[in-house]
Amino acid sequence: MLRIAVPNKGSLSGPAAEMLHEAGYQQRRESKELRIVDPTNEVEFFYLRPRDIAIYVASGQLDIGLTGRDLLIDSGADAEEILALGFARSTFRYAGKPGTISGLADLAGKTVATSYEGIVAAHLAEHGIGASVVHLDGAVETAIQLGVAQVIADVVETGTSLRNAGLEVVGEPIMQSEAVVIRRTGADGDDPKVQQFLRRLQGVLVARTYVMMDYDCRVEQLEKAVALTPGLESPTVSPLHNEGWVAVRAMVPAKEAQRIMDDLYDIGARAILTTAIHACRL
């Protein structure tokens, strides 16, 4: 069986389980379950701490895992990203008291508090900055107030927590993170079970990104309509009972669907509708 590590809690857990369910895989019914077997799909899922997943995958005991890009890099484990999943997006940045730090160079000689020591140490070394790194498991915003550090490095979403702590973002982002699928570095990239798993997840990603659009239009307007809805290869066009009319079906980006519907209506298309796509293979 394909052995897959899945986050057991935190912001990664729920969306990961939802995506796997949409991809046709059985998921646990209770949060206390640490392992389940999906015999139909020949997959065994292990529910682990997100921070530990890269280490388990790198050991070779598990084939692949779902975790955060930040956690993968911070672990230093011998594992690599093979597919970005588009959820749990975050930005990792430095922050300090207003007016004390203007850029990356000002971190020299300072102490940086963070829960992601591996990422910060690597970033500082990459830029030749000599600074000390203090590891904290959480609530790093208070490190400056309590005199543990002059700078912090943490995940920043809206920046509200930083402002409430009297801090401001410093310099450019350290990295952009999101949920990813990982495997051991150098593992067989052509493993058919892994490739099938990836195709299923890619199908979910596409299904979330596109909708199916159907509409009727007159033959003389078909070229203009097709230009608006080119589909992936090309749209499906079928003649209608009424002579001079055709029915068109094509996949279109979900975020552009309303604009495309307006444009189709303006050129004379009618009976325009969209439907959700639950799964697909490209």
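Conditions (1) of a type in the set (Gly, Ala, Ser); (2) open to solvent by less than 70 Å² (accessible area, probe 1.4 Å); (3) within 30 Å of ASN41 (Cα to Cα), marked per residue:
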{"site": "ASP191", "(1), (2), (3)": "no, yes, yes"}
{"site": "ARG199", "(1), (2), (3)": "no, no, yes"}
{"site": "GLN202", "(1), (2), (3)": "no, no, yes"}
{"site": "TYR215", "(1), (2), (3)": "no, yes, no"}
{"site": "THR236", "(1), (2), (3)": "no, no, no"}
{"site": "LYS255", "(1), (2), (3)": "no, no, no"}
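Which condition breaks for ARG51 when tested against (1) at pLDDT 95 or above; (2) part of a helix (DSSP H, G or I); (3) under 30 Å from ILE144 (Cα atoms); (4) not small (Gly, Ala, Ser)?
(1)
Take the stretch 107-140 and flag every residue that is open to solvent by 40 Å² or more (accessible area, probe 1.4 Å), assigned to a helix (DSSP H, G or I), in contact with a strand residue (DSSP E or B) (Cβ under 7 Å, 6 or more places away or on another chain) and farther than 14 Å from VAL155 by Cα.
Listed by number, the list holds a single entry, ALA121.
Restricting to the stretch 67-88, give me the number of residues that are part of a strand (DSSP E or B) and within 20 Å of SER115 (Cβ to Cβ).
The number of residues fulfilling the criteria is 3.
Regarding the stretch 149-159, can at least one residue be identified that is over 30 Å from LEU2 (Cβ atoms), assigned to a loop (DSSP other than H, G, I, E, B) and free of Cβ contacts under 8 Å to residues at least 12 places away in the same chain?
Pass one, the stretch 149-159, residues over 30 Å from LEU2 (Cβ atoms): 149-159.
Imposing the further condition that a residue be assigned to a loop (DSSP other than H, G, I, E, B) reduces the set to 149-150, 157-159.
Now restrict to residues that are free of Cβ contacts under 8 Å to residues at least 12 places away in the same chain: 158-159.
Looking for residues that are over 30 Å from LEU2 (Cβ atoms), assigned to a loop (DSSP other than H, G, I, E, B) and free of Cβ contacts under 8 Å to residues at least 12 places away in the same chain, one finds at least one in the stretch 149-159, hence yes.
Looking at (1) open to solvent by 20 Å² or more (accessible area, probe 1.4 Å); (2) farther than 23 Å from ARG200 by Cβ; (3) in a helix (DSSP H, G or I); (4) not hydrophobic (A, V, I, L, M, F, W, C), which is the one condition that is false for GLY14?
GLY14 satisfies all of (1) open to solvent by 20 Å² or more (accessible area, probe 1.4 Å); (2) farther than 23 Å from ARG200 by Cβ; (3) in a helix (DSSP H, G or I); (4) not hydrophobic (A, V, I, L, M, F, W, C) except (2).
Among the residues of the stretch 17-39 satisfying the criterion of being aliphatic (A, V, I, L, M) and touching a strand residue (DSSP E or B) at 6+ places or on another chain (Cβ under 9 Å), which is most open to solvent (accessible area, probe 1.4 Å)?
LEU34
The values are calculated or read from the model by the stated rules, or taken from the named source; none is laboratory data. The shown structure was predicted, so the numbers you read here are calculated from the model rather than taken from an experiment. Please note: Cβ atoms are built from the backbone with ideal geometry, for glycine as well, and neighbour counts cover all protein chains shown. The accessibility values were calculated without ligands, DNA or RNA, using every heavy atom of the protein model including side chains. Shrake-Rupley method; radii C 1.70, N 1.55, O 1.52, S 1.80 Å.
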